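Visitor: Okay, handing you the structure first.
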Amino acid sequence: MPEQNTPTNHNEMTVIGPDTRINGEMTFDKSALILGAFEGKIIAQGEVQIGPTADCRAAIDAQRVIVDGAVTGPIHARERLTLSPNARVTGDITAGTLIVAEGASFVGQCQVGPQASDLSKKSGSTMPSGEIDFKPPWKHETATTAA
């Protein structure tokens with residue numbers, strides 16, 4: 001009988017369970033599935049999946065990112081970012097390809113396409129390729145005035 005929770009790319013995957021709370025920085029050589037609460041920074045060479053039970057207050061930098069839960073913070077998906085119908089994202093995103101399912105929620109700025117990382121470098125964006133600003137926006141909030 002085949003495994004039910006095998007990642008789509010069949011590489012090894014680290015699972016952070018729904019009863020786990022982590023604060024800090026995590027780096028994965030391959031892929032990760034986050035089901036619990038995480039605050040900080042996530043870097044992965046492969047895929048990061050944010051599960052439906054996850055509460056992720058983090059900057060995410062990975063080859064591919066799939067969001068099926070809540071993320072507050074910037075996301076940089078070098079190849080592809082997928083927002084499922086249950087996704088709730090608050091933060092800027094940069095992605096090679098963006099897939100947004102009906103029902104997904106996204107609040108932030110978006111740079112998408114093969115040249116998105118190059119354009120973000122030129123524009124002075126906080127999310128250029130290779131040097132993502134991982135300062136948590138929820139900890140450095142400033143008052144803004146509408147003009």
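Bear in mind these aren't lab numbers, they're just calculated from the coordinates by the rules spelled out. Every value quoted in this text rests on a predicted model; they were computed, and no experiment measured them. Ideal geometry is used to build each Cβ from the backbone, glycine not excepted, and the neighbour counts take in all protein chains shown.
Visitor: Once you put a point 7 Å from the Cα of THR27 and another 7 Å from the Cα of GLN45, both along the Cβ direction, what distance in nm separates them?
Guide: 1.1
Visitor: For THR72, which sequence-distant residues (separation of 5 or more, or a different chain) have an amide H within less than 5 Å of its own amide H, given hydrogens modelled in the peptide plane?
Guide: When sequence neighbours closer than 5 places are left aside, the close amide H contacts are CYS56, ARG57, ALA58, THR90.
Visitor: If you don't mind, there's one more thing I want to ask. Just need the Rg to Rh number for the range 13-123, please, alpha carbons only, Kirkwood Rh. Before the final figure, lay out the partial values.
Guide: Working: Rg = 12.8 Å, Rh = 13.5 Å.
Computed over Cα atoms, the ratio is 0.95.
Visitor: Moving on. Report ³J(HN,Hα) in whole Hz for each residue of the range 24-39, in order, from the Karplus equation J = 6.51 cos²θ - 1.76 cosθ + 1.60 where θ = phi - 60°; Gly and Pro get x.
Guide: x, 10, 10, 10, 10, 6, 10, 10, 9, 10, 9, 10, x, 9, 9, 9
Visitor: So who's got an amide H within less than 5 Å of the one on GLN111, skipping anything under 5 residues away but keeping other chains? H placed 1.01 Å off N, in plane.
Guide: Those lying under 5 Å, H to H, from GLN111 are ILE93, THR94, ALA95.
Visitor: What nm value, rounded to one decimal, do you get for the distance between GLN109 and VAL15 when each label is placed 7 Å out toward the C-beta?
Guide: Here the modelled spin labels are 3.9 nm apart.
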